[in-house]
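Participant: Dumping the structure here so I can ask a few things about it.
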Ligand SMILES: CC(C)(COP(=O)(O)OP(=O)(O)OC[C@H]1O[C@@H](n2cnc3c(N)ncnc32)[C@H](O)[C@@H]1OP(=O)(O)O)[C@@H](O)C(=O)NCCC(=O)NCCS
């Protein structure tokens with residue numbers, strides 16, 4: 001069997017989500033709600049879509065089980081969010097999603113990537129550290145407390161993306177719902 005056909009049949013895939021329908025927005029929100037302690041609302045998610053952002057969905061067969069959103073400005077990328085439905089965490093899927101997302105940042109011309117992470121988020125921290133992210137600072141009380149929990153600090157982290165050039169990652173398929181000339185294939189606006 002040819003590798004291309006094999007890739008198409010693989011149960012795990014990555015796809016750009018460029019102009020989410022209400023149904024897809026709801027799917028994104030359900031992942032967000034399940035994965036994050038302070039989830040974005042559907043409006044928050046919808047408002048991130050712009051020519052400078054890319055949303056990459058992680059699918060198990062046809063089920064959206066995770067996604068990441070990046071923003072590119074000139075040669076800098078910011079990881080806005082990444083999450084995997086807890087049912088599927090700890091299986092290596094988050095690593096695959098992050099690796100392909102960082103590679104996409106590189107493909108779009110970014111040299112460095114920046115992010116914030118809760119100081120208590122050991123899994124995410126370990127994952128970022130393994131791709132070369134280092135702590136550049138601490139933002140005190142960056143995450144507001146909720147349900148009686150206190151506010152929490154964030155580490156700001158940054159990484160040089162160039163080592164990713166040689167890393168093999170899952171391909172990101174085009175958004176099946178978008179025309180070929182959609183924003184997903186357009187260069188970010190600077
Ligand atoms: C962070 C997240 C995306 C990682 O996805 P995942 O599919 O669970 O992660 P993976 O299975 O690919 O594992 C990633 C690494 O974390 C490690 N890990 C798993 N559980 C861990 C734990 N409790 N403590 C430390 N490391 C842990 C894994 O061993 C793996 O490292 P390795 O490949 O070196 O062995 C996912 O856990 C998630 O959605 N968390 C909630 C949302 C979130 O915190 N997002 C990041 C916000 S900045």
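Participant: Starting from segment 84-101, keep only residues that are assigned to a loop (DSSP other than H, G, I, E, B), then list their pairs with residues that are more than 7 Å from the ligand (Cβ to nearest atom) and modelled with pLDDT of 95 or more whose Cβ atoms are within a distance under 6 Å, requiring at least 6 positions of separation or different chains.
Facilitator: As it stands, the answer is 85/31; 85/34; 85/65, since those pairs meet every condition given.
Participant: Next question, about the same structure. Report yes if some residue within segment 109-131 is away from the ligand (no atom under 15 Å from the Cβ), within 22 Å of residue 94 (Cβ to Cβ) and either touching a residue at least 40 places away in the same chain (Cβ under 8 Å) or part of a loop (DSSP other than H, G, I, E, B) (or both); otherwise report no.
Facilitator: yes
Participant: Going through 90, 94 one at a time, which residue ends up being surrounded by fewer than 17 Cβ atoms within 10 Å (Cβ to Cβ), within 25 Å of residue 153 (Cα to Cα) and near the ligand (Cβ under 7 Å from one of its atoms)? Full working, then the answer.
Facilitator: Details: 94 fails: surrounded by fewer than 17 Cβ atoms within 10 Å (Cβ to Cβ).
Answer to the check: 90.
Participant: Collect the residues in segment 18-29 that are surrounded by 14 or more Cβ atoms within 10 Å (Cβ to Cβ) and either touching a strand residue (DSSP E or B) at 6+ places or on another chain (Cβ under 8 Å) or more than 22 Å from residue 87 (Cβ to Cβ) (or both), keeping them in residue-number order.
Facilitator: 18, 19, 20, 24, 27, 28
Participant: In segment 38-47, is there at least one residue being at pLDDT below 95, over 21 Å from residue 173 (Cβ atoms) and out of contact with any helix residue (DSSP H, G or I) (no Cβ under 7 Å at 6 or more places or on another chain)?
Facilitator: Within segment 38-47 (the criterion being at pLDDT below 95, over 21 Å from residue 173 (Cβ atoms) and out of contact with any helix residue (DSSP H, G or I) (no Cβ under 7 Å at 6 or more places or on another chain)), the answer is yes, since at least one residue qualifies.
Participant: Counting only residues that are near the ligand (Cβ under 10 Å from one of its atoms) and in contact with a helix residue (DSSP H, G or I) (Cβ under 8 Å, 6 or more places away or on another chain), which one in segment 146-172 is farthest from residue 15 (Cα to Cα)?
Facilitator: Within segment 146-172, the match that is farthest from residue 15 (Cα to Cα) is 155.
Participant: Still on this model: Find the residue count for segment 132-145, including only residues that are assigned to a loop (DSSP other than H, G, I, E, B) and within 15 Å of the ligand (Cβ to nearest atom). First the steps, then the outcome.
Facilitator: Initial filter on segment 132-145 (assigned to a loop (DSSP other than H, G, I, E, B)): 132-133, 144-145.
From the residues that got through so far, the ones that are within 15 Å of the ligand (Cβ to nearest atom) too are 132-133.
Of the residues in segment 132-145, 2 are assigned to a loop (DSSP other than H, G, I, E, B) and within 15 Å of the ligand (Cβ to nearest atom).
The values are calculated or read from the model by the stated rules, or taken from the named source; none is laboratory data. None of the values given here were measured: they were computed from a predicted structure. A quick note on method: Cβ atoms are made from the backbone with ideal geometry, for glycine too, and the neighbour counts reach across all protein chains shown.
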